[in-house]
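One structure is given below, represented as structure tokens, and several questions about it will come after.
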């Protein structure tokens, strides 16, 4: 046998009953394919934290409806997220829960016409009663009534956060921890529709471009930078383009969890290597893509990471 | 054999050398799986046109870099698109080509560090020289200098369109044909960065919410409505939420071409049935999802549709 | 503009009403992503034919139920397939249609319990009445009764083909054109179950390994070789391993149409480059992967190819 | 708020540093999408074991190369698998490791021509030196020399298992625990090629259909039945068709972990509901599909399950 074969052997994962999440990740770390990658992602996140990097978190997809709200708000409160870029939908669903509403476990095979007739909205196997949007709209109008000046979207999301008492809220946690929430496509959400409705009769001014200063400044001023992307979409590009403009040569750490593949050409599935051609990710960056449903990968990664670091 | 079996037989597709695109689609129309669905999509588009429906087109993904620019601008000029909702990136790449720049066919296996060193940006197997962004930035600054008032994003994209001479441009075609272009996440693009840069020293005001009036009005005033979605993302949700707010009970026609699946919970892969629970699509709507790379499905569909209707 | 930029420009596809399938493929040939790849696949198939290569065709997935039977049998009769490797299921469904049975277009949202109660089997949106299996079993028993010697699987599939009169049958077309049909997992099908049932009381001997001689010989004796893979699975590996053993350094031409991606590690999504490391595909081979539903890609490719060559 | 809303609330997963794998799964059990499904899968597996069901395990994909060998062999030794149906490749890679060979962690971006020149075979990001096949071939020839009678494939795999000393081997563990290993497409593997080579000069007879008796008998005689499918392919269909023929109305428990989706029509992505139309799965079965890379899902599931049951 060629003894100087210059690669690391695959170490087959071994399960021990009662093992902790991090013991499990360690057992997977010698594996290839997804098992090896998720272990790499935990190592990369750990290195990012140890290095004091500014951690940009891109959150898209139906993460709050699916039950990831507590994990994300805890990540904010425990220092795993420094900048959050997300979709309007995740903020809407966070706000709904913050106001006492709930999402429900249903079946993706439900009859959608019956659901419609009962005023239940479906997100694959998650159900959301329409009435929650009414509660939310009332709350939003109250929030908006105090907003009598020009706002950036970041300031706008912070105002919503301040209006929330629930400590498990992502919006509230971000306010408490001085974590900015950027939401470039805020108009593309029920919150956006609420704001638009309010604007029909009242003054409110939110410029579409002004947030760029803030996020580019954060990027520019950071000593080291890392990005964690769940899903892709606008949050992914918005974070990466901020790096591009800040002219720092790219992120030092890059983790993405996605179900998209690169071959469709969409940014959500683009590899960190592709990002290197744009100088969005550094040549020597620690970078890993995990092809996985983020509702499986994120809990496992965070359980291992928090065990390791806390 | 049970002669009253109440389903249509699968008719196996038969190829005839020299057959036209529509003959091919007709040959596929008796098939199941993707073949049957793409034929359904052509029929649905035809019915949408015949019915005089207002046609909303959601364009995301790397469609312009991949070579779909001419097809989309021709669709605008030939009346297949009444309202375009797209990503900043597709507008950026359209503008680059409008100014004489080009995308190039490369390989997804290229060395991204070498590409970076040569200032070539990669989008899977499409290459884009960095220098094109410089040309574009100069053009954008000239456009912006004339923008001394408050704009909606729709007006902003129209201003860019007016500055373009190339008749093959999507932006120009839309101006010429009075097709509004909405781009809710315009800040999430190089055009957004150009605008932001300009704003550092000059006045420009683009409100993030004001476009909602326009698109909701179009939705509300339309007798019949149809939506064609390529990829998903913000354009898909933005179109569907406009229908939601207009309280018309949903789209009459729905076509989506996507590589995403519903199980991830993201909107890009959500089915038209799911949209029915939200009243975004009507119970009796003609609705079809084609699971396909849109760069394959769109040319085939448009070749068949235009043969059928022109 | 850098005039010596050493890549081919993206030529945006242009649709002309009434264009033929090959004109459409030519219009797509200047594009990136899937559009460019499917055009490359047609060119590769054309080169394979022009070069007189022996063409191995791997057919898996529900291609016959979906309506691809006529295309595949015409490919055999018109010289586009020299060796067919397939799954038992595709042969079963071909035989059912050859005996007057039919598949039907249904909906993937049908109630499967109601279908079961009506003895209708579902394959996504294709329905198959259970009674067809009874007709098939009777036919198979009649075929088997004449099989009183040792058979290879290739000989076994040929015997079934000889029993069929329908000229549109894949099995019959293969017999008529001396195209061998290999089906390594023949036991994994209703045909296999029929044969097993017959064997409970009668002699029949089909060795699992004996076909390897035949396919390896064909591989070894071919001057040039090409492979076209639809889906992947056992047919893909069986063809590629024959090349491996024949020690010829790999296929000269390689086309695969698949919805699987390489990252799962399964062979169905493995790239032609990976196959080069194994010497299953030559370094200088013309090789292309199209990520697509084969029921969309195959008809389009064959319409263009037959227009070009016939 | 409507208090009689008849659905279970989404309970957001909460991470506790140091939590065990089963505590993590329990935290995910109140979630939707993949998180909820993987928790359901663990519950389903637990119920299958508690109910004393006969557990059929379908193993396809590159599971052994990726590092899942120890988990599978431990599953056999600890009673989680009663019948194994797999691909030739997984047996080949198990045998290679049993004989002292190793797989290695590489990069999917490696230069495949350089790998070929160094005689290293690539499976996405796993590398395998060609020389291991030589060692394996010598071992196989020694095994084959003792096989002087007619064998079923199940007996054939057991003979290989008996020749192995390594207790971590899947093949050896199956022999030790009287777990039959079926491998319908055994000819589609290097083991098959070894057997074929041996057959050129020696007697060996392995009938392709004879295994059906064994697996159908096991199915028929089982009081309750469950199936766990990793990936799909031939193992999935072979298990399900055995149930079909045994006329028991379908499996009582059904778990599949797959990256394939139903819309392609291939069996690997087919839902348990589709299987109900065929009477392969019972109407009232506990059935769940987890859309995931099995190298991530299997370790997590088994860590939770073994913690729960041992």
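Here, each number is a calculation from the coordinates, and none is a lab measurement. Everything quoted here is computed from the prediction, not taken from an experiment. Cβ: placed from backbone, ideal geometry, glycine included. Neighbour counts: every protein chain shown.
Given the criteria within 17 Å of residue D:54 (Cα to Cα) and either within 14 Å of chain A (Cβ to nearest Cβ) or crowded, with 21+ Cβ neighbours inside 10 Å (or both), does residue D:245 qualify?
No.
If you don't mind, another one. Hey, could you check the stretch B:257-277 for residues that are part of a loop (DSSP other than H, G, I, E, B) and in contact with a helix residue (DSSP H, G or I) (Cβ under 6 Å, 6 or more places away or on another chain) and say which is surrounded by the most Cβ atoms within 10 Å (Cβ to Cβ)?
B:270
Let me ask something additional. Could you tell me which of the residues D:41, D:13 is on the phi < 0 side of the Ramachandran plot and within 10 Å of another protein chain (Cβ to nearest Cβ)?
Selected residue: D:13, the only one of D:41, D:13 that is on the phi < 0 side of the Ramachandran plot and within 10 Å of another protein chain (Cβ to nearest Cβ).
In addition: Counting only residues that are at positive phi and more than 12 Å from every other protein chain (Cβ to nearest Cβ), which one in the stretch A:51-81 is surrounded by the fewest Cβ atoms within 10 Å (Cβ to Cβ)?
Filtering first and then ranking leaves A:52.
Among what's in the stretch B:28-49 and is over 21 Å from the mean Cα position of the chain (by Cα) and surrounded by fewer than 24 Cβ atoms within 10 Å (Cβ to Cβ), pick the residue that is farthest from residue B:220 (Cα to Cα).
B:30
Additional query: In this structure, is residue C:290 outside any loop (DSSP other than H, G, I, E, B), within 15 Å of the chain's Cα centre (by Cα) and within 14 Å of chain B (Cβ to nearest Cβ)?
yes
Consider residue C:52 carefully, then state whether it is more than 18 Å from the chain's Cα centre (by Cα) and either within 30 Å of residue C:204 (Cα to Cα) or part of a helix (DSSP H, G or I) (or both).
Against the criterion (more than 18 Å from the chain's Cα centre (by Cα) and either within 30 Å of residue C:204 (Cα to Cα) or part of a helix (DSSP H, G or I) (or both)), residue C:52 does not qualify.
Just the residues that are assigned to a loop (DSSP other than H, G, I, E, B) and either more than 13 Å from residue C:273 (Cα to Cα) or more than 7 Å from every other protein chain (Cβ to nearest Cβ) (or both), please, taken from the stretch D:82-108.
Of everything in the stretch D:82-108, those that are assigned to a loop (DSSP other than H, G, I, E, B) and either more than 13 Å from residue C:273 (Cα to Cα) or more than 7 Å from every other protein chain (Cβ to nearest Cβ) (or both) turn out to be D:82, D:87, D:99, D:100, D:101, D:102, D:103, D:106, D:107.
Yes/no per residue for (1) at the interface with chain C (Cβ under 9 Å from one of its Cβ atoms); (2) touching a residue at least 24 places away in the same chain (Cβ under 8 Å); (3) out of contact with any strand residue (DSSP E or B) (no Cβ under 9 Å at 6 or more places or on another chain):
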| site | (1), (2), (3) |
| --- | --- |
| D:210 | yes, yes, no |
| D:220 | no, yes, yes |
| D:233 | yes, yes, no |
| D:239 | no, yes, no |
| D:271 | yes, no, no |
| D:275 | yes, yes, no |
| D:280 | no, yes, no |
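Identify the single condition in (1) touching a residue at least 40 places away in the same chain (Cβ under 8 Å); (2) part of a helix (DSSP H, G or I); (3) closer than 16 Å to residue C:301 by Cα that residue C:35 does not satisfy, given that it satisfies every other one.
The one condition residue C:35 does not meet is (1).
Which condition number in (1) more than 12 Å from chain B (Cβ to nearest Cβ); (2) assigned to a helix (DSSP H, G or I); (3) surrounded by fewer than 24 Cβ atoms within 10 Å (Cβ to Cβ) is the one that residue C:308 fails?
Of the numbered conditions (1) more than 12 Å from chain B (Cβ to nearest Cβ); (2) assigned to a helix (DSSP H, G or I); (3) surrounded by fewer than 24 Cβ atoms within 10 Å (Cβ to Cβ), the odd one out for residue C:308 is (1).
Moving on to the next point. Looking at (1) more than 20 Å from residue C:184 (Cβ to Cβ); (2) in a loop (DSSP other than H, G, I, E, B), can you tell me which one residue D:61 breaks?
The failed condition is (1).
Here is a list of conditions, (1) under 20 Å from the mean Cα position of the chain (by Cα); (2) surrounded by fewer than 21 Cβ atoms within 10 Å (Cβ to Cβ), and residue C:14 meets all of them except one; can you say which number that is?
(1)
Report, by residue number, each residue of the stretch B:206-262 that is within 28 Å of residue A:292 (Cα to Cα) and more than 17 Å from the chain's Cα centre (by Cα).
B:261, B:262
Do we find that residue D:24 is in a helix (DSSP H, G or I) and at the interface with chain A (Cβ under 10 Å from one of its Cβ atoms) in this structure?
yes
While we're here: Tally up the residues in the stretch D:121-157 that are in contact (Cβ under 8 Å) with a residue 12 or more places away in the chain and closer than 14 Å to residue D:195 by Cα, please.
So the count comes out to 20.
For the stretch A:139-152, how many residues meet the condition of being crowded, with 17+ Cβ neighbours inside 10 Å and farther than 15 Å from residue A:95 by Cβ?
Total meeting the criteria: 3.
Could you tell me whether residue D:100 is within 30 Å of residue A:99 (Cβ to Cβ) and touching a helix residue (DSSP H, G or I) at 6+ places or on another chain (Cβ under 8 Å)?
no
Considering every residue within the stretch B:194-201, establish whether at least one is in contact with a helix residue (DSSP H, G or I) (Cβ under 6 Å, 6 or more places away or on another chain), at the interface with chain A (Cβ under 10 Å from one of its Cβ atoms) and either in contact (Cβ under 8 Å) with a residue 12 or more places away in the chain or more than 20 Å from residue A:241 (Cβ to Cβ) (or both).
Yes; the residues of the stretch B:194-201 include at least one that is in contact with a helix residue (DSSP H, G or I) (Cβ under 6 Å, 6 or more places away or on another chain), at the interface with chain A (Cβ under 10 Å from one of its Cβ atoms) and either in contact (Cβ under 8 Å) with a residue 12 or more places away in the chain or more than 20 Å from residue A:241 (Cβ to Cβ) (or both).
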